[in-house]
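One structure below.
The values are calculated or read from the model by the stated rules, or taken from the named source; none is laboratory data. Please read these numbers as outputs of a predicted model, since none were measured by experiment. Glycine gets a Cβ as well: all are built from the backbone with ideal geometry, and neighbour counts include every protein chain shown.
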Amino acid sequence: MVKNRRQFLNSLLIAGAAMAHPRLVLANEPAPFSGKFVLTLQARGGWDVTCFCDPKENQPGLAPITQWSTSERTQTAGGIVYAPFAKNREFFERHHRALLVINGVDAQTNAHSIGETANWSGRLADGYPSLTALYAAANAPQLPMAYLSFGAWSKAAALLRPTMLGHSVTQMRGFMLAGRDDQGQALVDPTVWSLIRKMHVDDTQSMLADDTLLPARNRSMDAYLQALKSSEALSRFAESLPSNTEFQALSRGNQLINQVHFALLAFKAGVSVSADLVDGGYDTHANNDAQQATLLGKLTDAIDYLWRSAEQLGIAERILLVVGSDFSRTPHYNSGNGKDHWPVGSYLVMEKGAPFTNRMIGKTDERQNALSLDLSTLNPAARGNIKLNPAHVQKALRRYLNLDTASVTRAFPLINTEQVDFFS
Amino acid sequence: MPQTSKTSHGLFLLVMLLGAMIGRAQADSSTLAFASAAASDGSKTASRFALQLESTSSTGRLSTQQLLDIAIAFTPDPHETDLKAAVFAVVVKNNAFYLLRPDRRFTPWNGDIGTLLPFAEDVTLADTTRVQLLTGKLSEPGEYQIFVAYSAQNQAALKFTPQPAVLLLEPAEQSPEKEEAARLYQSNLERSIVQSRCILCHVEGGVARNANLKFQRSMSGSALNNLNSLSAYLDIAGNSAETLLTKASGGGGHPGGQQIVRGGADYAALEQVLKLLEADQSARLQGLVYRFEPGQSLSQVTSATSLLAAVELAPREATLRRASILMSGHAPSAEQLAAVRDGDDNTLRAALRGLMSGPRFRDFVVDVTNERLLTRGSVDPLNSNFINFPRLRNLHYDTVMAGKDYWQEYGHRLKESAIRASGELVAHVIIGELPYSEILTANYMMMNPLLNHYLGGTANFPPTAGDKDFLPARITQYYFPPELVRSDEREFFGSVEAGHKVLSTRTPLADYPHAGLLTDFGFLSRYPTTATNRNRARARWTLYHFLGIDIEKSSQRPLDEASLSDRNNPTMNNPNCAVCHTVLDPVAGAFQNWSEWNMYRENGYDALDHFYKFPADGSASAYRQGDLWYRDMRLPGLFETTLTSRDATLRELASRIAREPAFLTAAVRFWWPAIFGENPVVLPSVESDEGFAEKSAAYAAQQASVAAFARVLGERGNAKDMLVEMMMSPWFTAQSATRHEFRAVQLQASLGAPRLLGPAQLAAKTLELTGVNWRTTTSPAGRTWSDYENMSVMLGGIDSITVLERASVLTPTILAVQQSIMAEVACPAVVKDFALDENSRRMFTLVDASVTPLLLDSGTFDVTSTARTQWQEVRLPTRIPVEGASITVSFANPYCDYDGTKCLEQRVLYLQGVSLRHASGAQLRFSMNAPEVRVSGDNCYVQGSEAVFYSSCKMTVALQLDSPLDIEVIAHLSAQQAPSRTEPVRATIEVVSQGNILTVSTPNSRAIKEQIVALVADFHGRTVTVESPEVAQIYGLFVVALERARLSGKQQIDVCHWYTDGNFLSDLLTPAQLRLARRPSPNGDWWQDDWTYLGPAMQPWMSDAFGAKRAWIAVLAYLMTHFDYVHE
């Protein structure tokens, strides 16, 4: 009897041990993703591009548009002109070769929520996903954190679920080591933990077989099942993450750097392909210049960090970064030295070694009104074909990333929008 | 009357079904006799029943939009004439039974004739008796069975219709007329009439916002939505194309006067569309056929139904459990579940209402309120640099001058208190069943003792009250600067500024103008004002949360920059801007007295910004002394009404908002995601979008429910009424689908979605069920700190600053974090529970830590002998099962005082063997050198027929029997004691079954399975039996974990983060013991453990000689990482 019992238990334990290797029982793992990684960096609130990538100097007889231009002139780095403001010089000098600036993009609104919707989905109305959501859904929806967001405008239109991360992302290492503490010690016997996971998978698959499940319940269970299947990959990724203390030392108060660092490590680990980074506070209705200087400094520091880190990780050539905001700020100061909402703003698009960089497209006049462009040359023209709006940029990005022909994009056409060739 | 199977609650459906009671014009009637009548006592009856139906239809065809009268006409038995009678009616829809109440509303009925109640009493029986049954609309397509009955005075028998009348309604497809109407509307009406004229008033926030006709501003889908608005207008009883044309041309008391000229081109265009819509309406009516068919077999009828009706609702007890976990964190007791199972829907209603009190519910409300208002994202709700609150100012001053950190000492706690106050106010209103409008109109705020002291609150707290105890209080210690004398200079402690000290005070503000949430410090701070924002953020969110107006979305259309470059006060003068600002700015003006620092006229005069009053460029200001608001903005008000108050503007605004019908629907929307787990569907705006039709249908269904819940709230202003009905509705209780054609719409509507528990709910549930307060501690200084909050976003929650929307569906990271937490919780949960006495345990009430499946009997005995030759016997009665057993005698407490080479003193256990004695007197003895005896362990020696045990040794005898046998096991023992130890030598006898551990049935295996059943009920809310496959599976896990523990060779748990349970020590130690176990750190921020005390205390808690604790840890880890644990 004793022998039989032991045999029985041993067979259970062998089964349990097998569960420690998810390949044996869980989903097939697809081939590693080898395409580009796409990031957006969203300056929430409305940045002042006249102090950044669409520099404006004060004009005689007109109300001041920038305070920096009382003592300085617009600067140039390669094919890019910029405002000598905050840490712009360092940034543009270092990165102009990897940079395309698109100015004069009319968001067609001055409401924040609609501005975000327009800039990151390509249309004013709700219902469309972000570029990054489309990209992740088209290329690697099966990855555990295919689409990262740090609280940015990250609508996914039910294509997939963004992995929403907050400031506590710095503590992730300690919370993704399935069944283990942050020192790697097993909190539950590893064999037992594997058996538990197996039971959960079986339970959920069994529940999903019920054809009377309401669709929303089905959706939740399926999400649970997919999450279960991802836990080993996340656990491996967690081991590559810095500790909370290391994160803090890295960022020195600039949370954007933590976001950048986490996203790059996730790309490198093969668990993510797109991310939305975000920093807020750009809604500078009062004391515009001081606040924009601080924020733009953080922003350029973070972008600089992104490219340096990506180089170190060996993925710099695979990164596409899009930087933008809700809209921009008025071409004049209000009574509180602030600036209010102005629909004409800019995008930065960055990629190493791309043919479209080190140049500027789109133009605004001295009062930051968008100028019409000739569609064939993309130069300003008195009788130009188009004025740029976010749909043009998003449509071009879709094509550049081969999303225009992807099946997931079919439900979200950007109609009545010209195809602008920003990226040739 | 019909007997029924168990039914679910569903008043909701029938409330929808009846719709609003409004006036009507009757045009046609039908009468139909029931096929037969019967008496409940089996006697013969001559009674006859008929239903009479009257409607506005003249064709015998009905629509869900037409008014109906349904009456019961019956002829009683002759001898009953002139008697008084009670009359009954039951309607069956979707196999659920509903009883008609005297107020002509329905309540679910369980089919028990003993609970049958009449809807009409004291009806005098005549030859033909007619009693009105229903008056209203049938708004839900589907099949309705109607049973009726009466019971005459002093007559025991009930006369009833054994077969029902069946009313069948089928929906129609969209007609060609509607398609043509859409085409013409798009080309002729949308831009030229609706968007240019009607919408000036008939729009969200417009003058005609409460009219039956409301349009959407121009956007890609507005044409279709607006056409549907016209169609819906015509569907309202009493409305017609002519009515609308009359109003549009200035007649019919149209407050908007003439908008089109009768006979003109616009008139003709509108008329053409309206006529087509009427034709469409008629077509729809044609498609809706009613039949009165007594005895119609349900199985023969195919009827369409709605997305809400095409579901099976959860049993009442499941609803109670979900609600209970959601709102109070705890699982209902077995008695509570039985009560609602055996009761009716009103029992459930009462039980649900009973959940809405107590600290956990308060926390739930606070959490929900924050998810909406985001007050936790406030930066500086109570700024102590201002002198207006002198006590607060001097607290800051004195703290700094004493060399202490104000923020560390008081600032954090005051901020936490201030941002919690909004949720506490909502909780106070709901729990106290005060008018819900008081969340805005309260002439007080909620204060804890800290706020009460420093703001001069009027509350009286008991001395034991802490930071989480809140009471309503009014501020009495607020001063305008002229009423204060402060120190002349700002003072410093070293380089740290202490600021001014208030030296004396005169007269405080007599009537601090509290206005509920509108004057809440957290709310004002979360949406700060600036010189150009001018309270518009505060206004935006006021309109959004309390009137349901999303001002940004209300004008979601392209603007050109030229319109925005207008500098001629565009918010007043530019139509592109005024669209929103007409609604927004008056509300902003109502906040006129509240500064960017959330102070009421902090300078004593106004709250206008400096830049407005004194322009930096030296230009003339529009400001005039005494002004409270900007002259270049609209006057403070709400919609078309200007406020009359200057001082208590928010109080007046609050009372005006509370009178708006939209306040009620906004309240429903405020609570919708908290109860149903998902945000309500937004009206889709682009017709060509994929899923537009499904979203529209989901939106319409939800809006109907929003309106129904709002009506419930409006009846008594009692939020509990509304919350109860929300939880009684299919949106909360839908459990499974009965039909598949509505799947796409149900998905869009998230109908029946399990609610992913947010961080606070997960924390509450885990604490209530396991007793573990995971990584949540209160410092000696009284500050509570929780990783649930720190990890909020990772757990699917919000941070109230950047991440503002809770996750409703799991992501891999959320699950990973949840699983890490639960893996960490499992050990302290098990260890603590087993360390408590049986009566105090939360989970393990059926087993203790020595219960393992195969253990039949065990006993530990003192061996008091002091010399090897001093033999004694210890006895354990037991029953040897047919599958056999092994008998083990082991040394329970070996001890050696080892000096590195030898034991200076030690305990030794000597054995001569065991005897088995039967009641008959027969006895079988096994000496230690018998071949059946095995000895295991280190330092265990057999010496002839005896053995010497120095350490954890054991002897085992295996028995195989042909039949069960009751015997007494006798161990023959002696001992050598350790003189310095007071505890004597101890020996343990165990009798272990040799059956298959997975299939054997022993008292212990049964107890373990019963414990699993109880845990599944508590943790997952499911009823399972000990024989179920689910229990077998979990029991298998238990066995594997037990075996893994045994194979580890360890007698204790070596990895257990007990310290992550903030309640671990306080739950296990008395206050006196706790004082010995830990003491405050020097700065009061944390507890310093004393391991000289805790070490020995911890040893028995972590001891796991049988492996059962580790097995239960595995079971708990499984249960708490299961889908059903993290969803409700």
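General remarks:
- Restricting the first member to the range A:209-235 and to residues that are facing another protein chain (nearest Cβ under 7 Å) and free of Cβ contacts under 8 Å to residues at least 60 places away in the same chain, and the second to residues that are surrounded by 24 or more Cβ atoms within 10 Å (Cβ to Cβ) and hydroxyl-bearing (Ser, Thr, Tyr), the beta-carbon pairs closer than 8 Å and six or more apart or on different chains are A:Ala216/B:Ser750.
- Meets criteria (modelled with pLDDT of 90 or more and touching a Leu at 6+ places or on another chain (Cβ under 7 Å)) for B:Leu326: no
- Residue within the range A:145-153 that is touching a Leu at 6+ places or on another chain (Cβ under 8 Å) and more than 10 Å from chain B (Cβ to nearest Cβ) present: no
- Those residues of the range A:136-170 which are of a type outside the set (A, V, I, L, M, F, W, C) and within 18 Å of A:Ala269 (Cβ to Cβ), in sequence order: A:Asn139, A:Pro141, A:Gln142, A:Pro144, A:Tyr147, A:Ser149, A:Pro162, A:Thr163, A:Thr170
- A:Thr294 vs. criteria among the β-branched types (Val, Ile, Thr), on the phi < 0 side of the Ramachandran plot and either within 14 Å of chain B (Cβ to nearest Cβ) or surrounded by 24 or more Cβ atoms within 10 Å (Cβ to Cβ) (or both): no
- Search result, residues across the range B:500-529 that are more than 30 Å from the chain's Cα centre (by Cα) and not in a loop (DSSP other than H, G, I, E, B): B:Val502, B:Leu503, B:Ser504, B:Thr505
- Any hit, the range B:887-898, residues being touching a residue at least 12 places away in the same chain (Cβ under 8 Å), farther than 30 Å from B:Pro979 by Cβ and exposed (fewer than 13 other Cβ atoms within 10 Å of the Cβ): no
- From B:Leu747, B:Leu751, B:Leu756, residue being within 8 Å of chain A (Cβ to nearest Cβ) and either touching a Ser or Thr at 6+ places or on another chain (Cβ under 7 Å) or more than 18 Å from B:His1127 (Cβ to Cβ) (or both): B:Leu756
- Residues (of a type in the set (Val, Ile, Thr) and either more than 7 Å from every other protein chain (Cβ to nearest Cβ) or in a helix (DSSP H, G or I) (or both)) located in the range A:170-192: A:Thr170, A:Thr191, A:Val192
- Per-region count, the range A:370-422, residues in contact with a Pro (Cβ under 8 Å, 6 or more places away or on another chain), more than 14 Å from chain B (Cβ to nearest Cβ) and surrounded by fewer than 20 Cβ atoms within 10 Å (Cβ to Cβ): 1
- Matching residues, the range B:1085-1126, being in contact with a Leu (Cβ under 6 Å, 6 or more places away or on another chain) and farther than 20 Å from A:Val192 by Cβ: B:Tyr1093
- Residue that is nearest to A:Arg44 (Cα to Cα), among those in the range B:787-818 that are in contact with a helix residue (DSSP H, G or I) (Cβ under 7 Å, 6 or more places away or on another chain) and of a type in the set (S, T, N, Q): B:Ser800
- When the range B:809-839 is filtered for residues that are modelled with pLDDT under 95, more than 8 Å from every other protein chain (Cβ to nearest Cβ) and either in contact with a Phe, Trp or Tyr (Cβ under 8 Å, 6 or more places away or on another chain) or not in a helix (DSSP H, G or I) (or both), only B:Asp837 remains.
- Only one of B:Leu608, B:Leu584 that is within 13 Å of chain A (Cβ to nearest Cβ), part of a helix (DSSP H, G or I), of a type in the set (A, V, I, L, M) and over 31 Å from the mean Cα position of the chain (by Cα): B:Leu584
- In the range A:330-342, the residues that are facing chain B (nearest Cβ under 8 Å) form Cβ pairs under 6 Å with partners that are assigned to a strand (DSSP E or B) and among the charged types (D, E, K, R), at six or more places apart or across chains, as follows: A:Trp342/A:Arg329.
Per-residue answers, yes or no, for (1) at pLDDT below 85; (2) surrounded by 19 or more Cβ atoms within 10 Å (Cβ to Cβ); (3) not in a helix (DSSP H, G or I):
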{"site": "B:Asn212", "(1), (2), (3)": "yes, no, yes"}
{"site": "B:Ala223", "(1), (2), (3)": "yes, yes, no"}
{"site": "B:Ala232", "(1), (2), (3)": "yes, no, no"}
{"site": "B:Gly238", "(1), (2), (3)": "yes, no, yes"}
{"site": "B:Thr243", "(1), (2), (3)": "no, no, no"}
{"site": "B:Leu274", "(1), (2), (3)": "no, yes, no"}
{"site": "B:Leu277", "(1), (2), (3)": "no, yes, no"}
{"site": "B:Asp280", "(1), (2), (3)": "yes, yes, no"}
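- Members of the range B:737-780 that are at pLDDT below 90 and either surrounded by fewer than 24 Cβ atoms within 10 Å (Cβ to Cβ) or of a type in the set (D, E, K, R) (or both): B:Thr738, B:Arg739, B:His740, B:Glu741, B:Arg743, B:Ala744, B:Thr778, B:Ser779, B:Pro780
- Number of the exception - A:Trp120 against (1) over 18 Å from the mean Cα position of the chain (by Cα); (2) away from chain B (no Cβ under 14 Å); (3) not in a loop (DSSP other than H, G, I, E, B): (1)
- Checked against the criteria, B:Ser800 does not count as in a loop (DSSP other than H, G, I, E, B), in contact with a strand residue (DSSP E or B) (Cβ under 8 Å, 6 or more places away or on another chain), within 14 Å of chain A (Cβ to nearest Cβ) and at pLDDT below 95.
- Any hit, the range B:680-699, residues being outside any loop (DSSP other than H, G, I, E, B) and either away from chain A (no Cβ under 14 Å) or farther than 30 Å from A:Arg410 by Cα (or both): no
- Filtered by the rule that a residue be part of a loop (DSSP other than H, G, I, E, B), at pLDDT 90 or above and under 27 Å from B:Asp799 (Cβ atoms), the range B:530-549 gives B:Asn535, B:Gly548, B:Ile549.
- The range A:356-369, subset within 14 Å of chain B (Cβ to nearest Cβ) and more than 12 Å from A:Pro55 (Cα to Cα), residue surrounded by the most Cβ atoms within 10 Å (Cβ to Cβ): A:Gly362
- Residue within the range A:193-200 that is within 10 Å of chain B (Cβ to nearest Cβ), crowded, with 20+ Cβ neighbours inside 10 Å, assigned to a loop (DSSP other than H, G, I, E, B) and not aromatic (Phe, Trp, Tyr) present: no
- Residue in the range A:92-104 that is within 12 Å of another protein chain (Cβ to nearest Cβ) and out of contact with any Cys (no Cβ under 6 Å at 6 or more places or on another chain) present: yes
- Flag for A:Asn58 being at pLDDT 90 or above and either buried (at least 21 other Cβ atoms within 10 Å of the Cβ) or assigned to a loop (DSSP other than H, G, I, E, B) (or both): yes
- Test: residue in the range A:246-269 that is surrounded by 22 or more Cβ atoms within 10 Å (Cβ to Cβ), more than 10 Å from chain B (Cβ to nearest Cβ), of a type outside the set (Ser, Thr, Tyr) and not in a helix (DSSP H, G or I): no
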